[in-house]
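The values are calculated or read from the model by the stated rules, or taken from the named source; none is laboratory data. Keep in mind it's a predicted model, so treat the numbers as computed, not measured. For neighbour counting, all protein chains shown are included, and Cβ atoms are generated from backbone atoms with ideal geometry for every residue, glycine included.
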Amino acid sequence: MERNRDWYDIIGIIIAVTSVIIPIVFFLQTSSEEIKSQTYIIFGVILIVLILITSFTYIISKWNKMSKDVLYTRRELENIKKDLNFNNLSNDIKVRLTVLERLLDMKKNKRGQIDPRIIWWIILLILIFLFLKSIGVFG
């Protein structure tokens, strides 16, 4: 799971950098009289979307990490309490079975979920295409 997250971060960084570099290169190559106001608006939208995406993904990733840490700590505390109580060995087996059942249910419910970063990448690629079209690259 961490490897997928690392690849998502690398792809997101590459798309973000190219979506800023491409307009800057075209701004530097063309004269200011040839640049339309629509081009400035699309470039501004690209920057705003990048800032929002970065903020959103940062907050979400921190929230997920903190919630996982809290959950892990809670489970560790529960395990320590259970280890101290030797009388409930049969209860421990039942709890482990329920945890396994819940994990299997969670795994079943994960089907069909799309990572929101993929949607943001598609939006950025569309904005880059619109920018290139407004400059006149595509006709």
Quiz item: E2 passes all but one of (1) at pLDDT 80 or above; (2) closer than 24 Å to W120 by Cα; which number fails?
Solution: (1)
Quiz item: Taking the stretch 49-76 as the region of interest, how many residues are among the basic types (K, R) and either modelled with pLDDT under 85 or within 29 Å of I15 (Cβ to Cβ) (or both)?
Solution: 3
Practice problem: Kindly list, by first and then second residue, each pair from a residue in the stretch 121-139 that is β-branched (V, I, T) to a residue that is assigned to a helix (DSSP H, G or I) and surrounded by fewer than 18 Cβ atoms within 10 Å (Cβ to Cβ), limited to pairs with Cβ atoms under 7 Å and residues at least 6 apart or on different chains. | Solution: I123/V49; I128/I22
Practice problem: Run L52 past the list (1) of a type outside the set (G, A, S); (2) free of Cβ contacts under 8 Å to residues at least 60 places away in the same chain; (3) surrounded by 14 or more Cβ atoms within 10 Å (Cβ to Cβ) and report the number of the one that doesn't hold. | Solution: (3)
Quiz item: Counting just the residues of the stretch 7-41 that are over 23 Å from the mean Cα position of the chain (by Cα) and among the β-branched types (V, I, T), which one comes out farthest from V137 (Cα to Cα)?
Solution: I41
